[in-house]
Every structure is written in C-alpha cells, then in structure tokens.
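These notes concern the structure reproduced below.
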Amino acid sequence: MVLQELKKIWTPMRVILLILVSVLMYTSFLSPNVRRFDTGGNGFDAFQEKMRISKEWIENYGDTIEPEEYSKIEKGFEEIIAQISVNMSQKEIFNECGVGSYEEFLVYETNAVNGKEGFDYEKYKEMREQLFVDTSYNSVYLQEYQKMMVDYEKAAVGNNAILPWEVSIYTTDFLMYLSLWCFITVLLISAPVMVNDVASNMNKEQYSSKVGRRIYKVQYWCTIVSVLFTEIIVIVAGMAIWSTTDTFVFSGAGLNSFMSLREPSLNIWYADLFTLFIVIALLLGIGVGSITFCLSSRSSNVISMLMKVTPLAVVAGMYILGLGNAFYKNNVFYGLVHIPGIEVIMAGVIAVVGIVVNVANYKAIAKSRNM
Amino acid sequence: MCCIKEEIRKLSYNKVLIAFLTICLLFNAGVILASSNTSSELKTILQDYQPQSGKEIFKDIDGSGLGSMYYDERYIDSHILVALMHEKYQKLELPIEQLAKEQADLSTYAGELTPYVHRALFEYLTKAIMIEGILLFTFLVLETFFMEQHNKTLYTVYSSLRGRRIVFDKMFSVLLIGMLGMVILSCLSYFAFFQIWDFEKIWDANVASSFNYITDSDEPFLWKPFITWTSFTVKQYFCATLVLMVGIWLAWWLLSMMTVLVNKRISVAIGILAGGLIIPFFGLILFRQLPELPELYCLNTFSITVNVYYSHMWFTDQGYHTILPWQETLSVILHLVLGLLGVFVGYHVFRRKDVC
C-alpha cells in the first residue's frame, strides 16, 4: 500500500516539474545572492575588502572585538600606514611631489582631483599606481578598515560581534528564497494526490470498509515523508551552494554586530540563522503540506482544489516573503507583536494547525457511514 | 438562451467560487489595513490643504537626457530596439512640455504622503484585484469547460454540432459571472479603501505632481519623476487604470478560452495557463541576464504578467520595461485582438476534433 501511494506521488512528470521549478527558483532568486560574494573581476570592491578585513580580524581576535583587542586593531592600522609610508619613501615620484606620508598623499589627491594649482593630476595618477605596489593593501582596504574602526567606536555597548551587515542581509534573503523554493515543492507534491482519487471516485471504494478508511493515514504519511524528503534535498543543495560564499567563517559571530545598525530580536549566532530557517522550512512544509492534503481530499476536481489551495499558497507565500530581516527587530512580524522568535512560532502554529486539521478530517472519514 | 441560463446557474451555485471571492475580499481588507498606517496623517494634511505646493521640476527635465540613462543598456545588441527607445524618449518631450505648461508638478496630490497613497491604491490594492480577477477567470473557464469531462456527459453533449455550440454559452456565462464577481469584489474593496483614505480633496490633483515619484530596484534613478504621456488628474488616472484592468481581464478570458478549446486534457490546459502567467515573471529576471538576446526581454514586456507587475507605473515612460509610448495599452489591445482570433480558430479546431 505504501509503495503504491509513493508511486502516485513520485510520477515522472512531477519529478521533471520539480527539477524545472528548482532550476527557475535557483537562477532567478538564489544565485544573485550567491554571486554577490564572487571575488572575480577587476578592481577592488568595498564589500570584498570588508569581508577580507572581517576574516582577518576573526582569525586574529575571534568572533568579537573586546576593548583591549580594539587597541591592537588601531595599532595595526598605524603599522599599515607606516609600511605604506616606508614604501613611498623608496619611490622617486613621491619625493618629487613632496609627499612623505599617506596623509600627505590624501591631501595631494583631493587637491589634484579638484584641479587646484600646484597639484599635477598626472603625477597624482602615477603616485596612485605606485602607492601599494609592494604591499598587499589598496586604497579601498584602508577606507573600509577606517570605516570599520569608526563603526566600532559608534556601536552600542554589547554590539561587538564581527558580522558585516551585508552578510546577514544576503544570508537572510538567500534563506528566505530557499524557504520559498521548499514551499513550492511542497505544494507540487501535496496538492494533486488526493484530488485524483476523489475525482475518479476511487475514495468511495477505498472508504467503503473500515480497513479501507485507514488508507487516508497511509496517504497522509506518504505525502508528509515525501514533502520532508524533498525539502531536505533542497536544503542540502542550498547549503552546499551557500558554502561556496565562504561565509561560514562568521558562524560563531552574534547578530549583535558593531557593523550593523539593525538590532537583533533574538540573542543568536550567525550559524543559528541557518538552523532556525531550516526548522521554519520543515515546520512550514509539514503545515502547508498537511493543509493542502486535506483541502485536496475535500475537492471533487482539480479546479475546485486549485481554488482552495491558491489562497493558502498566497498567504503562505506572503508569510515567507515576510521573513526578510528575520530575527531582527525591523522584521514585519516582530514589528506587529514584539515577541522574539515569532517567525519560528508562526511556522510551528501552521504545522500544528495542519496536523490537527488532518486528524479531524481522518476522524470524520472514519466515522462516516455514507460516502 | 436556456443553455446560457443553465451554464450561469452551474457556475453561480458553486460554493467554492463564493468561498474564493470571500477569501479575496478578506485578503484585500488585509492589504488595505496593512498599507493604511499613514491614512490618519493624510487627514491632518487635508485640513490645511493647498492644491499647489509642489516644486517646479519639468522645466529642467529633457526627454532625451532622461532617456540617455536607458539607451545603450539592456537593448544594446539590437539596433531596432535602441532606435525605438530613442524615439520613445524624443516623443516624451512633448508631454513634459505639456505637464510643465499645466504646472502639473506644482500639484500637491497628497503632499509628503503622496508615494504612500499612490502605492497603497495603485500598487498594492489595484494589483491585488487585478491578479484576483485573472485567477477567477482562469478558474471559471477551467471549471465550466471541464465540467462535462468530470460529469461524464462529454460524449452526449459534444456529439452534435448544436452541442458543440454550447461553448459560446459557456464563454458568455464565464464573462457574466466573472465580471459580476469582480465588480462586486472591486466595489467592496475600493469602498473600504476610500473609507480609510480620504480622497475628497485629492481627486482633482495631478498624478505627475513633484511629490510623486517612481522607485524601482531596476531603475538607474533613485527617485524618478512620475511623467505621464498625457496630463491625468488622480480621478482620470484611476478611471484609466480601471478600464485597462478590465481590458486585461477580458484579454485573459479570451486567452484562457482559446487554451481550453484546443486542449482535451485539463492538466495540459492548467499547465499552459500557469506557464503563461509564471514564465513572463521569471523572464523579467532571467532574460535580463541574456544581453545577447535583448529581443527576448523586449517581447516579455508585452505579456499580461509584466503589465500587471508594473501596473503602478502605467501611462508613464516605464524606463527599460517599454519600448513604445502607451505600450501597456497597446499590449492589452494586442492581446484582445489575438484572443479574439485565437477563440475563432480554437472554436473551429474544437468543432472538428474528436472528444475521445
């Protein structure tokens, strides 16, 4: 019986449809978030340099910056400037222009770019090319280093984790679209199964005996197992793709980062974001899959099923899209109720409702004598 | 005539239809409440309302200068499309002059709250109603056309020529019930909206006010002025939007009819209709990543889905998303014409094909 029900779910057309939908979802919504972490291309990107500095600080100081460690960071910046100044003193062009230090170079740069007299733009360009030649630094690196120091000094007490705000935003966006991907696969698996039995009047034969009525349980469990199986495949694929971004180095960093103006609603680490989103996706899969299964069993034909499932899909879709900024205080759900972890609680409620609805539906079928 | 009454009766007695419309109404109520957090501030603004408190912006805007941000970007690999974009923005200069002459930019509209008001009405509520209408017509067409298949009366009904002509009764019953349902839904939704948002003093304001602007993640401009092809008051813009919305519903109704007439299988029909709605949406993201094939992106912008997606920017230049002036209107007319032709051809195919 179980095998037969699984065969009904896993038809070749459905598998092809799942693959097509997955490709569309990945290329449209998930890959842009992954591509932001690409290190290829010419020139120096501010975000890439920020990532580089953050990883260096994590390697040297751990996931948080304590005040005594911050003084080492300030000293580190001075050492970099000193190294650049030594490098400059060995190059003729800087001596020619009377630029002896990095600060003097910045002043020359401002004046040359503004076309001030006495400051040659061509010489400035030559100095800019020579400035970092024998070093592993660049102007964007220094800029971002200074910005990060300013951010630390301005940050509230307790906000000392090293987690660039871009990483937390892109991660939550990625996980939100991953949840949407899971949700769509859940609908494709759980919606069509029961309605085919009802439309072909097979359920009347199935439910004509006490033993036959138990098939509802078998069908339900096969659907839920299939839903969870598909979701796990999608989640594993998503995590494998996300691992290419090299952001798991921030796993131990709290969301209370000095580099972010957003305030977390839960005291969790970056790695916990993934765990919580996986829990949300699985709970939502169980809940939505269960409700869709029940609606499908109560629909006399496919169109009736679609009319019932579409509003559910829209509401659930909006819940998932509302997971942007999840676990931060500017999340739309937190903003309404001010309950930490409301995002997970809502998914849990949906799962419980789905299970309760199906238990009630099964009891109604088991008790009914007339089909 | 008796067949049309029967078809109407079959559709209108469908409890799921009523449940669907009720859920849509509740959803619209949720959308209205969620987007109405600044409605009380609007009442405060309207107490000392001055019709003209905006800034002069149109005198400094040049159509070609505005267009230069779009010219050699998305359509760069197609000379024809680039030429059409150039032409579109040259044609925009006349409307800009007209708007400047009428001092449309000085119009207050809803003052500092203009973007919220405009978004609440035209982006959230109207778009939701449009999508609900498309879904309703899809469900009604599928329901009515596959009813005989479900009830196993297919062979009896379609075995004669008169029986096959029942498709016209079905067509018009879907049109009547669909339009009636959407009129009731729209009236109730807009009634609720205008109870919360006081538009009494806003109706005669110009939508091209300097307080109104377009923000779109796909735009090179942070805040682009709302430059319409002709001068619209808010009332006129709202009416034009409603007319175009009805046009979209009619076009979708015709395309759905064409799909079910040429298909025997409900799953194929559902697949085609779902694909027709979903693929253009994904196309907006995917075709943009194929700069060697700009024609794909351009063609996609004529689809119903993309028109609905950018409905809050209707009757403006719409940047990358159009290559012709009034493209959204032309697109709907094109769909209506193709739909009518499609239904005509579809009926002839249906009349001749076997039912088994």
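Rule-based calculations on the coordinates, nothing more; no lab input. Everything numeric here is computed off the predicted structure, so don't read it as measured data. Positions of Cβ are generated from backbone atoms using ideal geometry, with glycine treated the same way; all protein chains shown enter the neighbour counts.
Restricting the calculation to alpha carbons of the range B:1-121 gives Rg and Dmax of 23.7, 63 angstrom.
Neighbouring Cβ atoms from other chains, within 10 Å of the Cβ of residues in A:80-91, number 0 on average. Averaging the Cα positions of each part gives two centres, and for the range A:136-185 and the range A:224-280 these lie 14 Å apart. For the segment B:94-101, counting C-beta atoms of other chains within 10 Å of every residue's C-beta and taking the mean gives 0. Averaged over residues, the count of other Cβ atoms within 10 Å places the peptides B:179-187, B:224-232 in the sequence B:224-232, B:179-187, highest first. Whole-percent P(r), the range B:133-180, all Cα pairs, 10 Å bins from 0: 26, 50, 22, 2.
Determine which aspartates and glutamates satisfy two conditions relative to B:Lys201: a Cα distance under 13 Å, and not lying fewer than 8 residues away in the same chain. By straight Cα distance, B:Lys201 reaches B:Asp48. Across all Cα pairs in the protein assembly as shown, the calculated P(r) in 20 Å bins from zero up to the longest distance comes to 14, 40, 35, 10, 2, 0 percent per bin.
Relative to one another, the C-alpha centroids of the range B:271-297 and the range B:63-115 are positioned 25 Å apart. What is the calculated FRET efficiency for A:Ser139 to B:Leu330, with r their C-beta to C-beta distance and R₀ = 51 Å, to the nearest 0.05? For R0 = 51 Å, the calculated efficiency reads 0.55. Axis of helix A:342-367 versus longest Cα principal axis of chain A: the two differ by about 10°, to the nearest ten degrees. The simple spin-label model puts a point 7 Å past each Cα toward its Cβ; for A:Val15 and A:Val107 those points are separated by 7.3 nm.
Among the listed pairs A:Lys367/B:Lys170; A:Lys147/A:Lys329; B:Lys5/B:Lys353, a Cα-Cα separation exceeding 29 Å is found for A:Lys367/B:Lys170. With 24 Å as the limit on Cα-Cα distance, the pairs of A:Lys91/A:Lys125; A:Lys50/A:Lys123; B:Lys127/B:Lys235; B:Lys10/B:Lys152; A:Lys50/A:Lys91 that go past it are A:Lys50/A:Lys123; A:Lys50/A:Lys91. When each of the peptides B:54-64, B:298-308 is scored by how many other beta carbons lie within 10 Å of its residues on average, the order from highest to lowest is B:298-308, B:54-64. For B:Lys43, the aspartates and glutamates whose Cα comes closer than 14 Å to its Cα, not counting residues fewer than 8 places off in the same chain, are B:Glu112, B:Asp198, B:Glu200. Applying 1/(1 + (r/R0)^6) with r as the Cβ-Cβ distance of A:Ala82 and B:Leu222 and R0 = 45 angstrom yields a FRET efficiency of 0.65. Between B:Ser12 and A:Ile339, the simple spin-label model (points 7 angstrom out along Cα→Cβ) gives 4.4 nm. The convex hull defined by the C-alpha atoms of the range A:46-154 has an orientation-averaged projected area of 7.5 nm².
Rg to Rh for chain A: what is it, with Cα atoms only and Rh by Kirkwood?
On the way: Rg = 28.7 Å, Rh = 24.5 Å.
A ratio of 1.17.
I want to make sure I understand the PRE zone here: with the label point 7 angstrom from the Cα of A:Gln90 toward its beta carbon, which residues in the range A:124-146 have backbone N atoms less than 15 Å away? Answer for the range A:124-146: A:130-137.
Straightening the chain between B:Glu292 and B:Glu112 buys 60.6 nm, computed as 0.36 nm per residue apart minus the Cα-Cα spacing.
Hey, got the average number of other protein chain Cβ atoms within 10 angstrom for residues in B:16-29?
Mean shielding by partner chains, rounded to a whole number: 3.
Straight-distance candidates among the lysines for linking to A:Lys363, with alpha-carbon spacing under 29 Å and chain neighbours fewer than 8 residues away dropped: A:Lys7, A:Lys8, A:Lys204, A:Lys210, A:Lys217, A:Lys308, B:Lys15. As a proxy for reagent exposure, ranking B:Arg352, A:Arg214, B:Arg9 by other Cβ atoms within 10 Å from fewest up yields B:Arg352, B:Arg9, A:Arg214.
In this calculation the C-beta distance from A:Lys147 to B:Val345 is compared with R0 = 45 Å, giving a FRET efficiency of 0.10.
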